[in-house]
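Participant: Below is one structure. I have some questions about it.
The values are calculated or read from the model by the stated rules, or taken from the named source; none is laboratory data. Since this is a predicted model, take the numbers as computed values, not measurements. Cβ placement follows ideal geometry from the backbone for every residue including glycine, while neighbour counts extend to all protein chains displayed.
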Amino acid sequence: MRFLVFIILVSITLSASYIRWYGDYEDAHRESLKQNKQLLVLLIEKNSIKAKNLIKNSFMNQSYIDKLNEKFISVIVTKGQKGSYPIELLYTLEYPALFFLDKHELFLCDPIEGDITPKQLSKHLENCL
């Protein structure tokens, strides 16, 4: 019985669509230049339940995930982290915040700040891309 549950869980995990996140902004930027892709930057607060729920609800098993992975290199940046990222460019007072940048770090469209729902993100992508 446990083996059957294990197989079911593995197959669900393997079939799930999700964003492939980088944890370092500089690595993500280098990769975006190398692959000629845009940058998707999610700025979150450390240990935020809101951010965890956002990732689970808006960045897993949504219809737009494949499109995001195809067009963007995605990176999660934590507020106040020691690694370098352009804080003056990605400045916000509201978290989480989602920024859409080209490979040269220019804005493609306005960021989404605060509550980021799948419906809102899907609509934003239609207008932005």
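Participant: Within the bounds of the range 75-93, is there any residue that is without any contact (Cβ under 8 Å) to a residue 40 or more places away in the chain, closer than 15 Å to L125 by Cα, out of contact with any helix residue (DSSP H, G or I) (no Cβ under 6 Å at 6 or more places or on another chain) and assigned to a loop (DSSP other than H, G, I, E, B)?
Facilitator: no
Participant: Scan the range 70-85 and tell me whether some residue there is more than 19 Å from P96 (Cα to Cα), modelled with pLDDT of 95 or more and hydroxyl-bearing (S, T, Y).
Facilitator: No, the conditions are met nowhere in the range 70-85.
Participant: Now, a different point. Filter the range 81-129 for residues that are in contact with a strand residue (DSSP E or B) (Cβ under 8 Å, 6 or more places away or on another chain), of a type in the set (S, T, Y) and over 21 Å from D27 (Cβ atoms) and give the result.
Facilitator: Of everything in the range 81-129, those that are in contact with a strand residue (DSSP E or B) (Cβ under 8 Å, 6 or more places away or on another chain), of a type in the set (S, T, Y) and over 21 Å from D27 (Cβ atoms) turn out to be T92, Y95.
Participant: Working only within the range 28-47, note down all residues that are surrounded by 13 or more Cβ atoms within 10 Å (Cβ to Cβ) and free of Cβ contacts under 8 Å to residues at least 24 places away in the same chain.
Facilitator: Across the range 28-47, the qualifying residue is only R30.
Participant: Name the residues in the range 90-129 that are farther than 17 Å from Q38 by Cβ and at pLDDT below 90, would you?
Facilitator: Passing the criteria: Y91, T92, L93, D115.
Participant: Quick one: what pairs do we get from the range 55-73, first residue touching a residue at least 60 places away in the same chain (Cβ under 8 Å), second surrounded by 16 or more Cβ atoms within 10 Å (Cβ to Cβ) and not in a helix (DSSP H, G or I), C-beta under 7 Å, 6+ apart or different chains?
Facilitator: Filtered contacts from the range 55-73: S58/I116.
Participant: From the list P96, P111, P118, pick out the single residue that is over 20 Å from Y22 (Cβ atoms), under 16 Å from the mean Cα position of the chain (by Cα), surrounded by 12 or more Cβ atoms within 10 Å (Cβ to Cβ) and not polar (S, T, N, Q). Please lay out each step first, then the result.
Facilitator: Details: P96 fails: over 20 Å from Y22 (Cβ atoms); P111 fails: over 20 Å from Y22 (Cβ atoms).
Criteria check complete, one pass: P118.
Participant: Anything in the range 48-61 that is surrounded by 18 or more Cβ atoms within 10 Å (Cβ to Cβ) and either of a type in the set (K, R) or outside any helix (DSSP H, G or I) (or both)? List them, or say none.
Facilitator: F59
Participant: L68: among the aliphatic types (A, V, I, L, M) and not in a loop (DSSP other than H, G, I, E, B), yes or no?
Facilitator: Values: among the aliphatic types (A, V, I, L, M): yes; not in a loop (DSSP other than H, G, I, E, B): yes.
So L68 fits the description; yes.
Participant: Sticking with this structure for a sec: Assuming E126 fulfils every condition listed in (1) part of a helix (DSSP H, G or I); (2) surrounded by 13 or more Cβ atoms within 10 Å (Cβ to Cβ) apart from one, which condition is it?
Facilitator: Failing condition for E126: (2).
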